Amino acid sequence: MTAVCVMVLGTSSGAGKSWIATALCRHYARQGLKVAPFKSQNMSNNARVVAGPGGAWGEIGSAQYFQALAARAEPDVRMNPVLLKPEADTHSQFVLLGQVDEAITRLPWPQRGAKAWPAVAESLRALRAENDVVVIEGAGSPAEINLMRHDIVNLRIAREAEARCWLVTDIDRGGAFAHLYGTWALLPRADRARLRGFVLNKFRGDEALLDPAPRRLQTLTGVPTVGVIPMQWHHGLPEEDGVFDDRSRAAGEVHTRIAVIAWPRISNLDEFQPLKNLPGVRLQWVRSPADGAGADVIVLPGSKATAADLAWLRGQGLDRWVAEHAARGGRVLGVCGGLQVLGEALIDTEGIDGNAPGLGLLPLVTTFERDKTVRRTEARFGALHGPWSALSGVPVRGYEIHHGQTAPHPALQAAGQTAHEAMPGLAWQNREGNVLGLYLHGLFEDDRVLQALFGARVPTLETVFEGLADTLQAHVAPGALDALIAS
């Protein structure tokens, strides 16, 4: 078995590569084909815990995790062999086949690709040998000519896979035909021949107004426009870059406002997508106290640079805003890095993250360790009190990705100030009951939690995947999907 490879390229980040690749995975899977997703290199702090070599847990980008589920395949690290997790504007942690590779992380950017390529190529070969179709997602644009010589995610992969490619553009931004033509023009001549179609994504308006642009573009390039996909505010899939547009929130009267702190190195923000889909709930990104006016719940999410994000929080005056909200009895939730920030102190003797005093809303202290905890976790909340008591006894499934290890602050514990441990080693609550911190990611992806807290459920992922595939099939040229994998 050698899989046919279908590749989704884009004219830019945010063009819609991820959701179209997800839709393709589900479309071909429901044709009875064995399908796997692949993205050789993803830069994202949105990660999921999946099976790795030898049974060890590893990390891949969330987009490939959801694509695997759409393909009805078990997610594994080969589907995203390289994950870059930004820790600063000029530095990112290098995760190879699910594990942090400290040696490659220390290398200059141009040398990283060469070190990773053998594992990337072998992952692709293995997936092709096991499947009928491999749906490949590119990154950014294949026409980034400053990066081509170090490329391991766009054209080099297309050549290795002998991929049949679509080029997707975001027409809502404007300049779509120039983006398509300019990208085509900058590709090497042999690689232009891999393009089987252009796709106009996020279209709003009268499709008749596009004429004669698609015909002229085909005359210039020889590539047909095979799809015009309408703007979708409610497709239900987490956005790859985590941009929650207010127009995409669930409709209806708002009864709960949830403010998520959008600090610079936010991670795993896709886990809040279900909140965006809940009727009556409004999810707000907060970068200043004014952004969060009227919030009922404040969430401090995960962070890839906890100490730096805590410094940013203080610089924005958000530390005082969170403290005042908590003092009024308002609900506060910290997840992973957010939990660490809620404690008394961050202690880093390994040079992992940095030392800092915390917000002091939980009598805990976090120590950063060199080895990262990466695992899937099933647990059950113990008895909780106060505003979070609805979670008492609720079983939960999720995942952990953290260097920090958190425990009661010894001096405060000796003085009688203790946090209530709601899940052993995973979750703590303050004495008043309104501040809750936990290490478990994916809390709001569990129907049992949504039912307990909001008395509601959101559409299942199966419903989302089917909807994506239906939308794609309805808005591409007849036969285009079959032609993409035809011999």
**Message:** Being of a type in the set (A, V, I, L, M, F, W, C), within 19 Å of Ala158 (Cβ to Cβ) and open to solvent by 10 Å² or more (accessible area, probe 1.4 Å): is that true of Val4 here?
**Reply:** yes
**Item:** Breaking point among (1) surrounded by 17 or more Cβ atoms within 10 Å (Cβ to Cβ); (2) modelled with pLDDT under 95; (3) part of a strand (DSSP E or B), for Ala407
**Value:** (1)
**Complete:** Every listed condition ((1) open to solvent by 20 Å² or more (accessible area, probe 1.4 Å); (2) touching a residue at least 60 places away in the same chain (Cβ under 8 Å); (3) of a type in the set (S, T, N, Q)) holds for Asn45 save (1)
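How about the range 410-448: which of its residues are assigned to a helix (DSSP H, G or I), open to solvent by 40 Å² or more (accessible area, probe 1.4 Å) and not acidic (Asp, Glu)?
Step one: of the range 410-448, the residues assigned to a helix (DSSP H, G or I) are 410-414, 443-445, 447-448.
Checking the rest, the ones that are also open to solvent by 40 Å² or more (accessible area, probe 1.4 Å) come to 410-411, 413-414, 445, 447-448.
The answer is Pro410, Ala411, Gln413, Ala414, Arg448.
Of everything in the range 445-487, what is among the β-branched types (Val, Ile, Thr) and over 19 Å from Leu278 (Cα atoms)? Give them in sequence order. Talk me through it step by step, then tell me what you get.
Going through the range 445-487, the residues among the β-branched types (Val, Ile, Thr) turn out to be 449, 458, 460, 463-464, 471, 476, 485.
Passing the criteria: Thr471, Val476, Ile485.
Is it the case, given these coordinates, that Gln451 is within 27 Å of the chain's Cα centre (by Cα), among the polar types (S, T, N, Q) and assigned to a helix (DSSP H, G or I)? Let's see the steps before the verdict.
Working: within 27 Å of the chain's Cα centre (by Cα): yes; among the polar types (S, T, N, Q): yes; assigned to a helix (DSSP H, G or I): yes.
For Gln451, the condition - within 27 Å of the chain's Cα centre (by Cα), among the polar types (S, T, N, Q) and assigned to a helix (DSSP H, G or I) - is met.
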**Message:** Every residue in the range 213-241 that is of a type outside the set (Gly, Ala, Ser), open to solvent by less than 60 Å² (accessible area, probe 1.4 Å) and part of a loop (DSSP other than H, G, I, E, B), please.
**Reply:** Val223, Pro224, Met231, Gln232, His235, Leu237, Pro238, Glu240
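The values are calculated or read from the model by the stated rules, or taken from the named source; none is laboratory data. Because the structure is a prediction, the values reported are computed rather than measured. Counting neighbours? That spans all protein chains shown, and the Cβs are built from the backbone with ideal geometry, glycine included. Surface areas here come from the heavy atoms of the whole protein model, side chains and all, with no ligands, DNA or RNA. Shrake-Rupley method; radii C 1.70, N 1.55, O 1.52, S 1.80 Å.
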